[in-house]
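Structure record follows, encoded as structure tokens.
The values are calculated or read from the model by the stated rules, or taken from the named source; none is laboratory data. It should be emphasised that the depicted structure is a prediction, and the values quoted were computed from it without experimental measurement. Backbone-built Cβ (ideal geometry, glycine too); neighbour counts: all protein chains shown. For accessibility, only protein heavy atoms count, side chains too; no ligands or nucleic acids. Shrake-Rupley method; radii C 1.70, N 1.55, O 1.52, S 1.80 Å.
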Amino acid sequence: MSRTTFIFIGVFYYIFTIALIIIVLNLINKKERNKYKEEIANLERDKNLIVGASILSELNKVSALINNEVMQKKYDSWQIRLKEIKEVEIPKITDALIEIENIFEERNFKFLKSKIASLELQIAYVKTKSNFLLEEIKEITLSEEKNRETITKLKSDYRKILAKYNNNKEEYTLVANPIELQFENVDKLFSAFEVSMDKNEYQEVGKIVKAIDDTIGNLKIVIEEAPSIIIMSKKLIPDKIEDIKKNTLKMEKEGYNLDYLNIDYNIIESEKKISDILARLNVLNLEDSVFELKTILDYFDSLYHNFDKEKLSKRLFEDYQRSILIKATKLEKISNDLNRKIDDLKYSYDLSDDEVNVLDVIASEITEIKDDYNKIIEMHRRKTFAFSRLVKEMEILNNKLLKTEEKLELTLRNLGSLKEDEKRAREQLDEIKKILMQAKNNIKAYKLPIIPKNFYVELSEAAEAMHNMIKELDKRPISIKVLNTRVDTARDLTLKVYNTTKEAMKTAKMAEVAIVYGNRYRAMYKDVELGLIKAENAFYKGNFKISLENAINAINIVEPGIHKKLLEEYQ
């Protein structure tokens, strides 16, 4: 391919690229122009819709309703506002639109965008003014229909209220006059509504409708709540107060202190509140009346619970009054007996300071409990506090008494165990003596050729331990801890002697039986004879275990498993 061709192709691509860029830019420009053109058209449409036919139509309706000066003034004011929109605001928007169209034609799109945004705000502002104007006009043109609809509903509610009142007049005797007066007012307001509607006095109509709505709303509350207020104020609460007074008087005669309940004061305050509620009821002011009366009723109902609580507390107090006195007296007697015996116990046993001091602590606690008990009883006699308060004090005192009782029981067990340990030690001493004597007798009863050396060593140790035990028992005061150690040592060593004796006798008897059994084979088997001779020599030297082993090994040559047979024969 020649150089000229290359140049031709390059020029062609360059021209093509330039053309493509121009086409793309034109397309983008066209699209942007169309967008702004559409926005300008929308602004034109919005401008034309600011003052719609509905405003003019509604104003024409108002002109037909004008029959007084107030309405004429309103109508004139609306005409002025409409004229201002049409002759001042809209022309401004028109001028702004012309300016925007010129900018559009000049293709100054950057500046055009801000102008469009500014005009959109201006149109929105004027449109809002136009809408407000339309709403104000409609309040008059639609007033009759809206008010008629509201009055129809209010008349329906009123008939229901009136019917309920007439059907249950006996429940409203106390407030019949103010209620019927309100009925008359409602009737007058309904008449005033019709007059104002006929005269097209729509401002007055709105006030009358609101007055009727408020009055009927209040009447509805009165008709619904007045019977409850009357029955609570005149029947339920007075009956409850009378019953509470009777119960209070009766309980006070029986010794109950009810001052903390402030019953008299609360009755006076409740009666004042009821009088105030009834006074407000006469002017049909029922605000919070039902709530206040229910609160009063709840208070008097709660008093019955307090009365029951006091009665229960009295029974509990009387139980504590007896049980605490009996228990405290019993503990005091035991404590005094222990204190009288403490010197003997200190002489007999080595007591620690804590074991001795605890008796003083217990005695002090019992004295304190009795003093507190007497104070509570004195408060009861003077009727200083209610039983509910007294029984709490008794519960605290009873808990203290239980703790002191536990402490005294533990002390009694500890001190009582001293004597028990001494007694048990003396009993075990007798048992140890018997075991040692039996061990000696066993050795003597079976005439062994020689007594094993360890028997005398163990016998000496056991005798010394028994001597130490006797020595500890003879001490004053006795240390129970040391004594128990001595008893354990003496018992263990004595049992060791006894077991040693028993084992030696058992082994010697078995060895002797084995030798006698093996004598039948002496003449026939030389090895058996030699084994038996070794067994006899060991036997006479006191080596009974070795003697038994030699005898069994010798006989086992002739009779395998002889050990089992000898054991059976021995048993």
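With a 1.4 Å probe and all protein chains in place, put 215, 152 in order of accessible area, largest first. Mind dumping the intermediate values first?
Values: 215 25, 152 90 Å².
The residues order as 152, 215, largest area first.
Of 513, 186, which has the most accessible area and how do the rest follow, probe 1.4 Å?
Working: 513 45, 186 0 Å².
Of 513, 186, the descending order of accessible area is 513, 186.
Please compute the length gained on full extension between residue 434 and residue 278, using 0.36 nm multiplied by the number of residues separating them and subtracting their Cα-Cα distance.
45.8 nm
Once all Cα-Cα distances of the stretch 301-340 are split into 5 Å bins that start at 0, what whole-number percent is in each one?
With a bin width of 5 Å, the distribution comes to 6, 21, 14, 13, 11, 10, 8, 7, 5, 4, 2, 0.
Determine the order of 170, 269 by accessible area, beginning with the largest, at a probe radius of 1.4 Å.
On the way: 170 130, 269 70 Å².
Order by accessible area, largest first: 170, 269.
Evaluate the stretch 184-328: find the radius of gyration of its Cα atoms, find its Kirkwood radius, and give the ratio Rg to Rh. Walk me through the numbers on the way to the answer.
Values: Rg = 26.2 Å, Rh = 19.5 Å.
My calculation puts Rg/Rh at 1.34.
Please list, in order along the stretch 520-535, the HN-Hα scalar couplings obtained from phi with the Karplus expression 6.51 cos²θ - 1.76 cosθ + 1.60 (θ = phi - 60°), rounded to whole Hz, x for Gly and Pro.
5, 9, 4, 5, 8, 10, 5, 5, 5, 4, 4, x, 5, 5, 4, 5
Once the whole set of protein chains is in place, how much accessible area is left on residue 379, using a 1.4 Å probe, in Å² to the nearest 10?
50
Roughly how far apart, in whole Å, are the Cα centres of the stretch 83-103 and the stretch 149-173?
59
Mind running the shape call on the stretch 158-269? Use the C-alpha gyration tensor, a ≥ b ≥ c as the square roots of the eigenvalues: rounded below 1.5 for a/c, prolate if a/b tops b/c, oblate otherwise. Write down the numbers at each step before the final one.
Values: a/c = 6.04, a/b = 3.33, b/c = 1.81.
Prolate shape, in that a/c is at least 1.5 and a/b is the bigger ratio.
For the pair residue 92 and residue 153, what calculated FRET efficiency results from E = 1/(1 + (r/R0)^6), where r is the Cβ-Cβ distance and R0 = 41 Å, to the nearest 0.05? Please list the in-between numbers first.
Numbers: r = 46 Å, r/R0 = 1.12.
Efficiency for this residue pair is about 0.35.
Note the full-extension length gain between residue 367 and residue 184 as 0.36 nm times their separation in residues minus their Cα-Cα distance, in nm to one decimal. Numbers along the way, then the final one.
On the way: separation 183, 0.36 × 183 = 65.88 nm, distance 8.21 nm.
Gain in length upon complete extension: 57.7 nm.
Set the Förster radius R0 to 30 Å, insert the Cβ-Cβ distance between residue 441 and residue 471 as r into 1/(1 + (r/R0)^6), and round the FRET efficiency to 0.05. Intermediate values should be presented prior to the final figure.
Values: r = 26 Å, r/R0 = 0.85.
The calculated FRET efficiency here is 0.70.
Apply 1/(1 + (r/R0)^6) to the Cβ-Cβ distance of residue 360 and residue 545, taking R0 = 56 Å, and write down the FRET efficiency to the nearest 0.05.
Details: r = 63 Å, r/R0 = 1.13.
It comes to 0.35.
Kindly report, to the nearest 10 Å², the accessible surface of residue 39 as traced by a 1.4 Å probe over protein heavy atoms only.
60
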